[in-house]
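Read through the structure below, which is laid out as structure tokens, and then see the notes.
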Amino acid sequence: MLAADVVVIGGGPAGSAAAIELARAGRDVTLVDRARFPRDKVCGDGITTGALRLLEDLGLPPRRVASWQRVDDVVVRGPAGPEVTFPLPRGRGTFAAVARRADLDTALLDEARVAGVKVLDGHACVGAREHDDRVAIGVEGVGELTAAYAVAADGMWSPTRKHLGLAAPGYRGDWHAFRQYFGGVGPRAARDLFVWFEPDLLPGYAWSFPLPGGRANVGFGIVRGERVERVQDMAGIWRDLLGRPHIRGVLGDGAEPEAPHRAWPIPARIDEAVLTGRRTLFVGDAAAASDRLTGEGIGQALLSGILAAEAIASGDGTRAEGPGVVTARYRRAVRRALVADHRMSMLLIRAVRHRRGVRAGLRLAGATDWTRRNFARWLFEDYPRAVLATPRRWRRGMLSGPGAYP
Ligand SMILES: Cc1cc2nc3c(=O)[nH]c(=O)nc-3n(C[C@H](O)[C@H](O)[C@H](O)COP(=O)(O)OP(=O)(O)OC[C@H]3O[C@@H](n4cnc5c(N)ncnc54)[C@H](O)[C@@H]3O)c2cc1C
């Protein structure tokens, strides 16, 4: 007797998106998360247009997310300045927003509950085994849950992957990123989204993302392969960055940290990741789905969660169709939707590795009103990153359509 059609492990954006879609498709879904919600997640809290569209499709209204802040202007500073402001379209929906992950993830998990998902937060997955006819998930304080399929949405260190013997030995992520919340920030930091390409962080960058109440999420990320020695001294880099005049100037003299800084890795190699077991589909960070160029992963987590749900639910039920068909369908969908963008990011990251590349890119992007507007939309994934290389995704109004939540 199966306890559910599908067990989802992890209640971040990837797990909630998968659970919501499966429940709406009529599947019986149990979701477990080792944390009790609301829970924090180390993140920049920035939500791109692509992610916003998916949140809208999932039915999440911004008013349910307490710290939701819409963004209209993106300010990018090259390695030696100057700043370039990239305006997002006004009055035609939302193209970028920021929300604390504690609020966003809790609201999304509530949406899953409303859709009929049985949520067991505060219960860790402590074991996983795949059988010919079922998957068995050991859950702390509950016992063993069996299901036709498991969706592993348990983040960068995916314990499910380890239990199934599918973890890549020694893998510690492709980026290492660091964030801290500040209160009392100056008016620019409270309103605009800042990206600083610092010469010693390239192809990484520092950021300040605005939050309501004069607050900001401030942080930086470095690419592991490029600056491996620097990962040891993230706290030292942080002190140094906060003292740089252009960053201090934006944050303002009254800016004060509200909580300790925290660091976390970002996995970004969807093209190499093992995406499935026999009856388990890996999604979000557990599938290394974050963007290699920017380190963002909320949109990719939502999308891969939805694709996994579609792969399971679009079949003829949970038993008659072999699991090999379902897992192959998911791998194909990921290749179509995410791998082309990943390859484009790998190409672009070469350009931002050096000051000259960033300078040339910013000069090009900032050349005219049109390039400024469209660069901001492209940066925020209104157009898929590899849109030029994937004509099947061209559509009418692509460069001029409204944002999310119009
Ligand atoms: C510093 C930093 C800044 C970032 N900034 C951005 C940004 O601005 N925008 C953006 O789009 N992305 C950003 N990212 C990336 C983004 O945070 C992740 O890609 C995203 O959270 C992935 O979502 P997920 O649902 O796959 O995993 P997660 O959000 O990590 O959720 C995984 C869930 O699994 C649960 N879990 C773990 N182990 C178990 C277990 N044993 N049993 C049950 N549950 C378990 C955890 O409690 C957690 O709730 C940033 C990342 C970092 C580190």
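Structural remarks
- Options Arg329, Arg279, Arg244: the member that is surrounded by fewer than 17 Cβ atoms within 10 Å (Cβ to Cβ) and more than 16 Å from the ligand (Cβ to nearest atom): Arg244
- In the stretch 51-67, the residues that are buried (at least 20 other Cβ atoms within 10 Å of the Cβ) and either over 23 Å from Ile306 (Cα atoms) or near the ligand (Cβ under 9 Å from one of its atoms) (or both): Ala51
- Output for the stretch 259-300, where each listed residue is farther than 19 Å from Val195 by Cβ and of a type in the set (D, E, K, R): Arg262, Arg269, Asp271, Glu272, Arg278, Arg279, Asp285
- Check on Arg188, among the charged types (D, E, K, R) and more than 27 Å from Arg34 (Cα to Cα): yes
- Taken together, the residues in the stretch 94-113 that are out of contact with any helix residue (DSSP H, G or I) (no Cβ under 9 Å at 6 or more places or on another chain) and either at pLDDT below 95 or aliphatic (A, V, I, L, M) (or both) amount to 2.
- Conditions (1) of a type outside the set (A, V, I, L, M); (2) outside any loop (DSSP other than H, G, I, E, B); (3) touching a residue at least 12 places away in the same chain (Cβ under 8 Å): number failed by Pro38: (2)
- Pairs with Cβ under 6 Å, 6+ apart, first in the stretch 375-395 and farther than 16 Å from Gly295 by Cα and of a type in the set (Asp, Glu), second surrounded by 18 or more Cβ atoms within 10 Å (Cβ to Cβ) and at pLDDT 70 or above: Asp382/Thr49
- The number of residues in the stretch 1-35 that are more than 6 Å from the ligand (Cβ to nearest atom), not in a loop (DSSP other than H, G, I, E, B) and not acidic (Asp, Glu) comes to 15.
- Residue within the stretch 86-106 that is in contact with a Lys or Arg (Cβ under 8 Å, 6 or more places away or on another chain), within 30 Å of Gly26 (Cβ to Cβ) and not hydroxyl-bearing (Ser, Thr, Tyr) present: yes
- Cβ-Cβ distances below 6 Å connect the following pairs, each with a first residue in the stretch 226-239 that is more than 12 Å from His261 (Cα to Cα), a second residue that is surrounded by 11 or more Cβ atoms within 10 Å (Cβ to Cβ) and at pLDDT 70 or above, and a separation of six or more residues or different chains: Arg230/Ile222; Val231/His176.
- Pick from the stretch 137-160, criterion more than 21 Å from Ile20 (Cα to Cα) and either out of contact with any strand residue (DSSP E or B) (no Cβ under 7 Å at 6 or more places or on another chain) or of a type outside the set (Asp, Glu) (or both), ranking: nearest to the ligand (Cβ to nearest atom): Pro159
- Qualifying residues in the stretch 338-368 (those that are part of a loop (DSSP other than H, G, I, E, B) and free of Cβ contacts under 8 Å to residues at least 12 places away in the same chain) - the one nearest to Ala80 (Cα to Cα): Ala367
- The stretch 76-94, subset touching a residue at least 60 places away in the same chain (Cβ under 8 Å), outside any strand (DSSP E or B) and not small (Gly, Ala, Ser), residue nearest to Arg359 (Cα to Cα): Leu88
- Selection status of Arg377, touching a strand residue (DSSP E or B) at 6+ places or on another chain (Cβ under 8 Å) and surrounded by 14 or more Cβ atoms within 10 Å (Cβ to Cβ): no
- For the stretch 188-227, filtered to residues that are within 17 Å of Ala351 (Cα to Cα) and of a type in the set (Asp, Glu), the residue that is surrounded by the fewest Cβ atoms within 10 Å (Cβ to Cβ) is Asp200.
- Cβ-Cβ under 7 Å pairs, at least 6 apart or on other chains, the stretch 13-25 side basic (Lys, Arg), far side surrounded by fewer than 24 Cβ atoms within 10 Å (Cβ to Cβ): Arg24/Ala115
- Considering only residues in the stretch 161-215 that are within 16 Å of the ligand (Cβ to nearest atom) and assigned to a helix (DSSP H, G or I), the one that is nearest to Arg244 (Cα to Cα) turns out to be Ala189.
- All of (1) part of a loop (DSSP other than H, G, I, E, B); (2) within 14 Å of the chain's Cα centre (by Cα); (3) of a type in the set (Gly, Ala, Ser) hold for Ser67 with one exception: (2).
- Criterion: more than 10 Å from the ligand (Cβ to nearest atom), charged (D, E, K, R) and either in contact with a Cys (Cβ under 8 Å, 6 or more places away or on another chain) or under 28 Å from Val98 (Cβ atoms) (or both) - qualifying residue of Glu111, Glu130: Glu111
- Helices (runs of 4 or more DSSP H) wholly inside the stretch 227-337 that include at least 1 residues being at pLDDT below 90 and more than 19 Å from Ile9 (Cα to Cα): 234-242
The values are calculated or read from the model by the stated rules, or taken from the named source; none is laboratory data. What you are looking at is a predicted structure, and each value in this text was computed from that prediction instead of being measured. With ideal geometry, Cβ positions are generated from the backbone for all residues, glycine too; neighbour counts draw on all protein chains shown.
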